[in-house]
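A.B. asks: Below is a structure I'd like to ask you about.
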Amino acid sequence: MRNSTKNAYTGLVYEIAVPTPLRRVFDYLPISPEEKLKPGSRVLVPFGKRCVVGFVISNKPCSSLHFSKLKNIVKNLDKTPILSHKLLKLLLWSARYYQHPIGEVLNAAIPKKIRNPNSLRPIYQSWKVSPQLAAKNLTLIRHAPKQKALFKLLKRQNGLTKKEITSAGFDINLIKELKKKRLIDEYDVIPPPPKTFAPLPEKNSKSLDLNEQQQIAFDAITRVKRKFTCFLLDGVTGSGKTEVYMQAMQQKLCKGQQCLILVPEIGLTPQTLAVLRERFECPVASIHSGLTDKERLTAWNDAKDGAAGILIGTRSSIFTPFANLGIIVIDEEHDNSFKQQEGFKYSARDVAIMRAREEKIPIILGSATPSLESLQNTIAKKFVHLCLDHRAGKAIASTKTIIDTTNQNLDNGFSEQLLYKIEQHLASKKQVLVFINRRGFAPTLTCQQCGWVAECENCVSQMTMHIKPPSIRCHHCGVITDLPLECANCHSSKLEPLGIGTQKLEYFLKSRFQSTPVFRVDRDSTRSKFFFQSMLDKINTGESCLLLGTQMIAKGHHFPNITLVAVVNADMGLFSPDFRGQEQMAQTITQVSGRAGRASQPGEVVIQSRHASHTILHNLVNRSYNDFAKILLQERHIADMPPFSQLALIKAQGKRLDTALKFLEKVAILSDEVNVQFDRQVNSIGPIPAPIEKRAGTFRSQLILKTKKKSTLQQFVLILVSKMDTLRVPPSVRWSIDIDPIELM
């Protein structure tokens with residue numbers, strides 16, 4: 001029905017979110033007056049000169065647009081909404097909170113396979129005997145025994161898929177011959193959704209006996225009856241947090257409720273997956289970037305249809321639909337990997353808390369080194385604090401020693417004292433973990449003649465030297481070039497590596513301990529998931545070996561035979577320009593130290609430093625992480641930094657630094673105008689060049705907004721962004737906003 005008003009239309013209109021950088025939804029007319037669409041359904045809509053997949057957000061009785069400007073929805077792609085009311089509400093909240101276009105948020109929340117107008121479940125090709133089969137055609141296979149055998153099988157089975165045909169031992173080319181002879185026809189088959197998993201028995205014979213602290217934590221979690229509660233399970237490494245998770249999950253699974261576990265790294269997924277499948281007699285699915293698009297869609301569907309009792313995954317798994325979600329577990333909740341740094345910049349941990357609130361279910365945040373934000377939330381009584389400050393079983397806390405390397409001549413980064421300790425532990429047939437947070441052979445390649453340093457042309461950063469293969473690489477933008485044979489400045493051949501990386505230590509350790517296997521675990525050596533898993537399998541045999549790794553090896557791995565952890569260079573985080581630097585350094589050292597002495601054997605941790613008298617290192621060695629965290633919280637409170645304030649980071653980047661800065665100067669003027677409405681409650685810092693000023697060929701600048709209350713920041717940013725959308729942005733400049741930034745680099 002057309003309105004008499006010239007510029008408006010009265011009648012049923014659907015608000016559709018489409019994947020576009022525009023921060024709005026779009027009005028569309030229904031396919032037909034009879035067809036009613038529900039929010040959360042995918043639809044095919046015309047957008048510009050193409051058709052795109054969008055999501056129904058809501059409907060309304062009119063549009064501000066004229067009828068001639070409105071287009072019809074082309075097709076409804078889903079019989080029932082693929083996003084529930086609660087999940088759609090969460091995604092709308094995420095788009096609003098993180099100031100990201102809703103269409104892009106919804107697009108990021110679903111598997112790649114169904115971002116196009118495809119069926120939710122994979123369509124399989126199937127072949128059946130043709131119903132219009134002519135008797136004369138049968139004579140065509142009289143002297144073709146293999147074709148004849150396949151024809152009889154298809155007739156007997158009333159149709160088979162490609163996989164079933166090849167599994168029966170037939171060559172798929174036989175299908176082409178039978179089709180050519182018009183003996184069979186091809187069909188598309190959409191398999192029915194699998195059955196909902198059966199509730200598990202209340203008792204699990206594989207459960208371990210809980211100690212007193214574990215029992216208190218378990219009882220607190222299971223007392224929650226269908227309501228939201230956030231628990232911080234704060235347990236030292238080896239304290240048995242995983243057993244508490246699994247027994248809490250058992251309670252939900254026996255009621256037919258599903259469990260979601262988020263882990264920070266893809267490397268932890270296979271290990272945790274194996275533990276869960278061995279423990280629980282229900283389907284366990286996983287979602288992470290190492291899967292194919294088809295595998296991700298299958299796992300997504302299994303969770304949505306209730307076929308999977310447990311889903312384990314990395315960051316994006318938080319947006320997976322569930323038939324009956326009962327509990328969420330975030331393992332290593334402090335880990336920065338839970339914050340998406342590009343595009344839709346969300347925190348999976350914080351979104352998980354909101355999802356648990358919306359679903360009215362408990363959520364467990366587990367860590368041996370909780371984030372300061374989570375610890376402050378327990379102090380404010382927003383979270384329930386559950387402490388496990390003793391190791392489970394017979395394991396005892398490792399002893400810690402600091403070695404002052406200030407006036408020592410180091411052998412490839414190792415003091416003689418540390419090398420002696422490594423020899424002792426290896427002689428006892430134990431495993432040793434050497435930790436250094438630098439990939440490559442050496443962090444710098446320099447000329448001994450003129451002092452030239454190999455730098456990335458695209459970034460303001462030095463290139464890292466690698467030996468396998470010989471190259472120099474930028475770890476910021478990913479550029480790789482051949483290892484130079486001469487200086488780019490004076491053409492001297494006297495090029496020398498400076499500093500130490502994992503590859504250099506690997507060469508040294510292999511030459512020093514020739515009879516001991518050395519396993520290097522970093523992002524370069526674990527690109528193949530099969531190679532990484534085979535490496536873990538060898539380590540898990542318990543045979544004496546040396547593990548050499550970066551942060552990847554510090555996260556969640558359980559190697560019972562490691563009795564010595566050596567931190568080669570503990571100084572890197574002491575003087576970080578980022579206000580979170582000391583917190584992250586403390587978490588890393590505490591986590592990697594926790595790999596030692598996890599079974600009944602005593603563990604030892606040795607930390608090398610040229611600043612051995614530094615207060616932070618002594619606090620880490622002589623006090624608990626929580627004691628150390630209290631000191632940091634006091635410092636943050638005095639400095640008025642998170643968690644005692646709220647930050648937003650507005651970034652601009654372009655081919656020229658001055659252009660990016662000028663754009664942010666305009667934003668700063670708008671910010672000052674908006675701030676008047678908020679009684680100057682929001683402080684701004686900048687615009688200034690980013691600490692890493694140039695990355696991947698573009699110059700980066702930033703404007704920091706800070707205020708006391710989260711609600712104030714949200715309202716402020718909402719108004720500011722709407723004004724920014726009216727600014728003329730130079731074609732060479734791109735800008736973004738990061739709410740609750742995890743780093744300011």
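The values are calculated or read from the model by the stated rules, or taken from the named source; none is laboratory data. Everything numeric here is computed off the predicted structure, so don't read it as measured data. Virtual Cβ from ideal backbone geometry, glycine too; neighbours counted across all protein chains shown.
A.B. asks: Looking at the structure I just gave you, is Arg523 within 23 Å of Gly413 (Cβ to Cβ), part of a loop (DSSP other than H, G, I, E, B) and modelled with pLDDT under 80? Can you show your working first?
C.D. replies: Values: within 23 Å of Gly413 (Cβ to Cβ): yes; part of a loop (DSSP other than H, G, I, E, B): yes; modelled with pLDDT under 80: yes.
The answer is yes for Arg523.
A.B. asks: Considering each residue of region 461-491, count those that are under 22 Å from Glu693 (Cα atoms), assigned to a strand (DSSP E or B), in contact (Cβ under 8 Å) with a residue 24 or more places away in the chain and not hydrophobic (A, V, I, L, M, F, W, C), and give that number.
C.D. replies: Summing the residues that are under 22 Å from Glu693 (Cα atoms), assigned to a strand (DSSP E or B), in contact (Cβ under 8 Å) with a residue 24 or more places away in the chain and not hydrophobic (A, V, I, L, M, F, W, C) in region 461-491 gives 2.
A.B. asks: Then there is this: Mind checking whether some residue in region 77-89 is assigned to a strand (DSSP E or B) and within 26 Å of Val721 (Cβ to Cβ)?
C.D. replies: So in region 77-89, the residues assigned to a strand (DSSP E or B) come out as none.
Checked against the condition, which is being assigned to a strand (DSSP E or B) and within 26 Å of Val721 (Cβ to Cβ), region 77-89 yields no hits at all.
A.B. asks: Look at region 133-150 and say how many of its residues are more than 24 Å from Pro191 (Cβ to Cβ) and touching a residue at least 12 places away in the same chain (Cβ under 8 Å). Before you say what the answer is, go through the steps one by one.
C.D. replies: Applying the first criterion (more than 24 Å from Pro191 (Cβ to Cβ)) to region 133-150 yields 133-149.
From what is left, the residues that are touching a residue at least 12 places away in the same chain (Cβ under 8 Å) are 133-134, 137-138, 140-141, 144, 146-147, 149.
Total satisfying the criteria: 10.
A.B. asks: Also: Testing Lys381 on (1) modelled with pLDDT of 90 or more; (2) in a loop (DSSP other than H, G, I, E, B); (3) in contact with a His (Cβ under 7 Å, 6 or more places away or on another chain), one condition comes back false. Which one is that?
C.D. replies: Looking at each condition in turn, Lys381 falls short on (3).
A.B. asks: On to the next question. Among the residues of region 728-741, is any among the acidic types (Asp, Glu) and over 29 Å from Arg349 (Cα atoms)? Break it down into steps so the answer makes sense when it comes.
C.D. replies: Keep residues of region 728-741 that are among the acidic types (Asp, Glu), which gives 738, 740.
Narrowing further to those that are over 29 Å from Arg349 (Cα atoms): none.
Looking through region 728-741, none of the residues is among the acidic types (Asp, Glu) and over 29 Å from Arg349 (Cα atoms).
A.B. asks: Let me ask you something else. Just give me the residues in region 92-106 being farther than 20 Å from Asn118 by Cβ and not β-branched (Val, Ile, Thr), in sequence order.
C.D. replies: Of everything in region 92-106, those that are farther than 20 Å from Asn118 by Cβ and not β-branched (Val, Ile, Thr) turn out to be Leu92, Trp93, Ser94, Ala95, Arg96, Tyr97, Tyr98, Gln99, His100, Pro101.
A.B. asks: Something else: Going by what's in this entry, would Lys394 be described as more than 21 Å from the chain's Cα centre (by Cα) and modelled with pLDDT of 95 or more? If you could, list the steps in order and put the result at the bottom.
C.D. replies: On the way: more than 21 Å from the chain's Cα centre (by Cα): yes; modelled with pLDDT of 95 or more: no.
Criteria not met by Lys394.
A.B. asks: Do we have any residue at all in region 349-358 that's in contact with a strand residue (DSSP E or B) (Cβ under 9 Å, 6 or more places away or on another chain), in a strand (DSSP E or B) and outside the structural domain of Pro19 (by TED's automatic domain parsing)?
C.D. replies: No - not one qualifying residue is present in region 349-358.
A.B. asks: Of all residues in region 166-192, which are assigned to a loop (DSSP other than H, G, I, E, B), touching a residue at least 12 places away in the same chain (Cβ under 8 Å) and touching a helix residue (DSSP H, G or I) at 6+ places or on another chain (Cβ under 7 Å)? Talk me through it step by step, then tell me what you get.
C.D. replies: Restricting attention to region 166-192, the residues satisfying the condition of being assigned to a loop (DSSP other than H, G, I, E, B) are 168-172, 181-183, 190-192.
From what is left, the residues that are touching a residue at least 12 places away in the same chain (Cβ under 8 Å) are 168, 170-171, 181-183, 190-191.
Matches in region 166-192: Ala168, Phe170, Lys181, Arg182, Leu183.
A.B. asks: Out of Thr222, Thr237, Thr229, report the one residue that is free of Cβ contacts under 8 Å to residues at least 60 places away in the same chain and closer than 29 Å to Cys387 by Cα. Explain how you work it out, then say what you get.
C.D. replies: On the way: Thr237 fails: free of Cβ contacts under 8 Å to residues at least 60 places away in the same chain; Thr229 fails: free of Cβ contacts under 8 Å to residues at least 60 places away in the same chain.
Among Thr222, Thr237, Thr229, only Thr222 is free of Cβ contacts under 8 Å to residues at least 60 places away in the same chain and closer than 29 Å to Cys387 by Cα.
A.B. asks: Shifting gears a bit: Which residue is surrounded by the most Cβ atoms within 10 Å (Cβ to Cβ), if the candidates are limited to region 333-377 and must be within 21 Å of Pro101 (Cβ to Cβ) and charged (D, E, K, R)? Spell out how you get there, then give the answer.
C.D. replies: In the first step, residues of region 333-377 are kept if they are within 21 Å of Pro101 (Cβ to Cβ); the result is 339-348, 350-351, 354-355.
After this cut, where a residue has to be charged (D, E, K, R) as well, the list is 339, 342, 345, 350, 355.
Details: Lys339: 19, Glu342: 6, Lys345: 20, Asp350: 19, Arg355: 26.
Among them, the one singled out is Arg355.
A.B. asks: Condition (residue is crowded, with 20+ Cβ neighbours inside 10 Å and either touching an Asp or Glu at 6+ places or on another chain (Cβ under 9 Å) or assigned to a helix (DSSP H, G or I) (or both)) applied to region 128-140: is it met by at least one residue? Steps first, answer last, please.
C.D. replies: Narrowing region 128-140 to residues crowded, with 20+ Cβ neighbours inside 10 Å: none.
No, region 128-140 contains no residue that is crowded, with 20+ Cβ neighbours inside 10 Å and either touching an Asp or Glu at 6+ places or on another chain (Cβ under 9 Å) or assigned to a helix (DSSP H, G or I) (or both).
A.B. asks: Looking only at region 60-76, which residues are polar (S, T, N, Q) and either in a loop (DSSP other than H, G, I, E, B) or buried (at least 16 other Cβ atoms within 10 Å of the Cβ) (or both)? Can you show your working first?
C.D. replies: Residues of region 60-76 that are polar (S, T, N, Q), as a first pass: 63-64, 68, 72, 76.
Correct list: Ser63, Ser64, Asn76.
A.B. asks: Return only the number of the condition from (1) polar (S, T, N, Q); (2) out of contact with any strand residue (DSSP E or B) (no Cβ under 7 Å at 6 or more places or on another chain); (3) assigned to a loop (DSSP other than H, G, I, E, B); (4) buried (at least 17 other Cβ atoms within 10 Å of the Cβ) that Asn107 does not satisfy.
C.D. replies: Checking Asn107 against (1) polar (S, T, N, Q); (2) out of contact with any strand residue (DSSP E or B) (no Cβ under 7 Å at 6 or more places or on another chain); (3) assigned to a loop (DSSP other than H, G, I, E, B); (4) buried (at least 17 other Cβ atoms within 10 Å of the Cβ), the one that fails is (3).
A.B. asks: In region 677-728, what count of residues is obtained for those that are surrounded by 19 or more Cβ atoms within 10 Å (Cβ to Cβ), assigned to a loop (DSSP other than H, G, I, E, B) and among the hydroxyl-bearing types (Ser, Thr, Tyr)?
C.D. replies: The number of residues fulfilling the criteria is 0.
A.B. asks: Applying the selection to region 259-270, what residues are more than 18 Å from Val244 (Cβ to Cβ) and touching a helix residue (DSSP H, G or I) at 6+ places or on another chain (Cβ under 7 Å)? Show your work before the answer.
C.D. replies: We begin by selecting, within region 259-270, every residue more than 18 Å from Val244 (Cβ to Cβ); these are 264-267, 269-270.
Result: Pro264, Glu265, Gly267, Pro270.
A.B. asks: Continuing with the same structure: Going by what's in this entry, would Pro33 be described as under 23 Å from Ala95 (Cβ atoms) and part of a loop (DSSP other than H, G, I, E, B)?
C.D. replies: Numbers: under 23 Å from Ala95 (Cβ atoms): no; part of a loop (DSSP other than H, G, I, E, B): yes.
In short, no.
A.B. asks: Do you know which of the residues in region 200-259 that are in the same structural domain as Ile353 (by TED's automatic domain parsing) and hydroxyl-bearing (Ser, Thr, Tyr) is surrounded by the fewest Cβ atoms within 10 Å (Cβ to Cβ)?
C.D. replies: Out of the qualifying residues, it is Thr222.
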